[in-house]
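Every read-out reported here was derived from the displayed coordinates using simple, explicitly stated rules and does not represent laboratory data. All figures in this text were calculated on a predicted structure; none of them were measured in a lab. Here the Cβ is made from the backbone with ideal geometry for all residues, glycine too, and neighbour counts use every protein chain on show.
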Amino acid sequence: MIDLHSHTNESDGTFTPRELVETAVRVGVEALGITDHDTFAGHELAAPVAQQHGLDLICGIELSTRAQFGKGQKTVHMLAYFLNGGPSPEFRAWVASLLASRRERNVRLIRSLNEHGIDISLGEVEAMGRSLTGRPHFARVLMNKGYVGSTEEAFRKYLAESAPSFVERDSPEIVDAIREVAAGGGVSVLAHPVRLGFRKPEEEEQFIGGLAAKGLRGIEVWHSDHNAANTARYFGISQRLGLLRTGGTDFHGANKPGLELGTGRAGNVSVNHEVLDELRAAVAVAR
Ligand code: AMP
Ligand code: FE
Ligand code: FE
Ligand code: ZN
């Protein structure tokens with residue numbers, strides 16, 4: 001069993017990098033990908049711990065990008081994996097610029113929440129996170145202050161794209177992100193494609209095919225938001241479009257309750273070691 005999608009408390013997970021590695025070892029995950037949003041800090045802190053335990057640790061990241069489809073512009077998550085050495089210094093600098101735009105979004109989000117009658121400050125939310133502050137940290141403060149009873153409610157009422165107080169973040173175009181990842185030495189993978197929300201499988205495949213034509217390398221076939229039919233469909237798409245396949249739980253600790261590292265929701269994720277072998281073989285050939 002392997003798990004190529006997980007988050008530490010350096011982004012919006014609740015486990016420290018050490019806790020995440022120790023949990024992976026305890027539950028029998030043989031290879032773990034740490035894919036924090038917009039930071040490599042969790043992977044870096046986890047690396048020595050993984051080495052002590054003999055855990056195969058994979059360096060990854062999850063980026064928020066934008067793409068045009070359906071009714072307009074949407075946020076699309078992209079995973080990037082660095083399987084031969086780490087990301088280039090140029091890629092790290094690009095990631096640092098993404099962090100800066102996230103910080104700027106947070107300032108506007110605080111202002112917007114204040115305008116909607118919420119008593120909340122940037123200091124309070126930043127105190128919840130480490131390398132970066134994300135909306136799950138906002139959700140936590142809203143819960144602690146009694147504005148909402150759950151993370152779900154915080155998103156529904158205040159933080160989701162559909163909420164009146166939501167503010168846009170300046171994120172890179174997906175094709176630019178694909179190019180940056182390739183130039184930085186990484187493999188780009190479309191994360192949890194079910195969240196694109198396509199109703200028609202033909203339109204979904206056409207959109208993913210367009211990204212493949214622009215250099216997208218892979219697609220996340222196994223994910224805790226994918227049911228068996230989704231997984232089968234994405235497997236088929238990966239075969240028809242010649243894309244690599246990845247999978248993982250998207251474990252966030254207490255920020256995504258009911259989800260286990262390695263196995264997902266009630267065991268709905270199961271990723272074989274061959275998936276990683278194929279990924280590594282593809283990267284070795286490409287070099
Ligand atoms: P940010 O990167 O700060 O815009 O926050 C995005 C993160 O918030 C996602 O990666 C999820 O971890 C979390 N998130 C987004 N939507 C929801 C939701 N409806 N319920 C719970 N968590 C969410
Ligand atoms: Fe997240
Ligand atoms: Fe995601
Ligand atoms: Zn994720």
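Taking Cα atoms only, the orientation of helix 41-53 departs from the longest principal axis of the chain by about 50 degrees.
Here the calculated FRET efficiency for Q239 and E168, from their Cβ-Cβ distance with R0 = 22 Å, stands at 0.05, rounded to the nearest 0.05. Taking amide H atoms as placed 1.01 Å from N in the peptide plane, the amide H of D56 lies under 5 Å from those of L32, each 5 or more residues away in sequence or on another chain. So, R0 is 30 Å and r is the distance between the beta-carbons of D277 and Q206; what FRET efficiency does that work out to, to 0.05? FRET efficiency, D277 to Q206: 0.50.
Remark on the stretch 115-247: hydrodynamic radius 17.3 angstrom, per the Kirkwood mean of 1/r across alpha carbon pairs. Put simply, the amide H of F69, placed in the peptide plane, has neighbours under 5 Å in K74, leaving out anything fewer than 5 places away on its chain.
Taking the Cα atoms of the stretch 180-287, the ratio Rg/Rh between the radius of gyration and the Kirkwood radius comes to 0.97. Note on the chain: antiparallel DSSP beta bridges, both residues inside, total approximately 50 percent of the bridges counted. Treating each Cα of the stretch 30-82 as one equal point scatterer and applying the Debye formula with no solvent, the log10 of I(q)/I(0) at q = 0.13, 0.19, 0.29, 0.32 Å⁻¹ comes out as -0.41, -0.65, -1.05, -1.16. Does the stretch 156-207 come out rounded, prolate or oblate by the C-alpha gyration tensor, with a ≥ b ≥ c the root eigenvalues, rounded set by a/c under 1.5 and, if not, prolate when a/b is larger than b/c and oblate if not? Because a/c hits 1.5 or more and a/b fails to exceed b/c, the stretch 156-207 counts as oblate.
Hey, can you rank 188-199, 136-147 by average C-beta count inside 10 Å, highest first?
Numbers: 188-199: 20.3, 136-147: 18.4.
Descending mean neighbour count gives 188-199, 136-147.
Normalised Debye scattering of the chain at q = 0.10 Å⁻¹ gives log10 I(q)/I(0) of -0.51, counting only Cα atoms as equal scatterers and leaving out solvent. Against the chain, whose longest principal axis comes from its Cα atoms, helix 174-183 is set at around 50 degrees.
For the stretch 126-164, backbone nitrogen atoms closer than 20 Å to the point 7 Å from E104 Cα along Cα-to-C-beta are found at 126, 132-135. Between rounded, prolate and oblate, where does the stretch 217-277 land on the alpha carbon gyration tensor, with a ≥ b ≥ c its root eigenvalues, rounded for a/c under 1.5, else prolate if a/b exceeds b/c? Here the stretch 217-277 falls in the prolate category. Approximating the spin labels as points 7 Å out from Cα along Cα→Cβ, the N227-to-A284 distance works out to 3.9 nm.
The spacing between the stretch 258-283 and the stretch 30-107, judged by their C-alpha centroids, is 18 Å.
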